[in-house]
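These notes are about the structure you will find just below.
The values are calculated or read from the model by the stated rules, or taken from the named source; none is laboratory data. Being a predicted model, the structure only gives us computed values, none of them experimental. Ideal geometry is used to build each Cβ from the backbone, glycine not excepted, and the neighbour counts take in all protein chains shown. Keep in mind that these areas ignore ligands, DNA and RNA; they rest on the heavy atoms of the full protein, side chains included. Shrake-Rupley method; radii C 1.70, N 1.55, O 1.52, S 1.80 Å.
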Amino acid sequence: MSQPAPMITKDGRFAYEAAGDPGGTPLIFLHGIGGAARAWRRQLATFGDRFHGIAWDMPGYGGSAPLPSVSIAALADALQQFIEQLGASKPILVGHSIGGMIVQKWLVHSPSLARAVVLAQTSPAFGKADGDWQKSFIAARLGPLDRGETMKSLAPSLVKELVGDDPDPRGMELARECMASVPEASYRAMMLALIGFDQRSTLKDISIPTLLLSGSKDNNAPAPMMAKTATYIPSAEYVELAGVGHLANLERPDAFDEALGRFLNSVAINT
């Protein structure tokens with residue numbers, strides 16, 4: 001697999017990888033809490049012949065500067081600034097996990113700036129800030145760090161918990177590399193940013209073509225929840241990948257790319 005050269009926006013704030021014709025339709029990939037721009041290299045290679053494929057390092061990851069204060073709203077503002085830095089007109093956004101939450105928040109303020117969006121293995125809400133499930137979710141992920149573990153030492157077990165049946169070995173190696181390289185401060189900040197996130201009331205306002213993509217073995221963004229979410233978005237399409245956990249593009253890259261490709265073809269036909 002080719003390795004795109006890391007790039008930096010003109011303002012020096014955002015690192016990203018890119019492939020394809022800079023004059024093509026921008027196809028922007030946003031990774032999850034344990035990811036990185038390089039988690040999307042397979043997709044950049046697959047779609048770079050038709051699109052200007054772009055994958056950012058989320059603020060605080062890789063070569064991207066951290067935010068002074070981390071929230072989903074602040075990350076959505078950063079996404080808008082990233083898009084402006086690139087001069088990316090009418091992009092298609094593919095947001096995985098927290099990346100999909102960022103896209104949902106961004107759409108509230110920029111409902112017509114994107115050509116289409118893909119919400120991959122994500123949720124419209126994290127629930128009550130003081131809910132028992134939310135507290136246990138955060139504690140389970142931050143507790144080991146509090147006890148002296150490191151992202152590097154935790155990476156193998158964290159990734160194993162996320163995946164489904166028969167994941168691609170090369171994808172799993174990349175997933176572990178990405179997880180191990182996440183700065184602990186960024187991991188903690190992103191986990192805490194989930195608390196109180198709730199965009200359920202704005203789903204009805206999403207007016208552009210939307211694909212919701214789930215994995216049947218995903219415990220973080222369960223498929224039934226994603227299927228229900230799709231019913232609230234006008235003209236949304238829902239696709240469930242059998243046997244897949246939370247890291248579809250790395251676990252089953254062929255299935256992920258096929259589902260994404262079909263959606264992109266429909267968007268190209270209808271726009």
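Worth pointing out:
- Region 154-170, subset outside any loop (DSSP other than H, G, I, E, B) and open to solvent by less than 60 Å² (accessible area, probe 1.4 Å), residue nearest to THR122 (Cα to Cα): LEU162
- Where a residue in region 15-29 is under 14 Å from ALA45 (Cβ atoms) and among the small types (Gly, Ala, Ser) and its partner, wherever it lies, is modelled with pLDDT of 95 or more and surrounded by fewer than 21 Cβ atoms within 10 Å (Cβ to Cβ), with Cβ under 7 Å and at least six apart: ALA19/ALA45
- Matching entry among SER235, SER207 (being touching a residue at least 60 places away in the same chain (Cβ under 8 Å), among the hydroxyl-bearing types (Ser, Thr, Tyr), within 18 Å of ALA114 (Cβ to Cβ) and open to solvent by 50 Å² or more (accessible area, probe 1.4 Å)): SER207
- Checked across region 105-127, the condition of being assigned to a helix (DSSP H, G or I), among the aliphatic types (A, V, I, L, M) and within 15 Å of the chain's Cα centre (by Cα) holds for at least one residue.
- Test: residue in region 214-223 that is surrounded by fewer than 17 Cβ atoms within 10 Å (Cβ to Cβ), touching a strand residue (DSSP E or B) at 6+ places or on another chain (Cβ under 8 Å) and more than 16 Å from LEU162 (Cβ to Cβ): no
- Whichever residue in region 239-271 is without any contact (Cβ under 8 Å) to a residue 60 or more places away in the chain and under 20 Å from PRO224 (Cα atoms) and, among such residues, is most open to solvent (accessible area, probe 1.4 Å): GLU240
- Residue count for region 182-203 under the criterion of being open to solvent by 10 Å² or more (accessible area, probe 1.4 Å), in a helix (DSSP H, G or I) and farther than 23 Å from SER64 by Cα: the result is 3.
- Criterion: aliphatic (A, V, I, L, M) and touching a Lys or Arg at 6+ places or on another chain (Cβ under 9 Å) - qualifying residue of LEU194, LEU203, LEU158: LEU158
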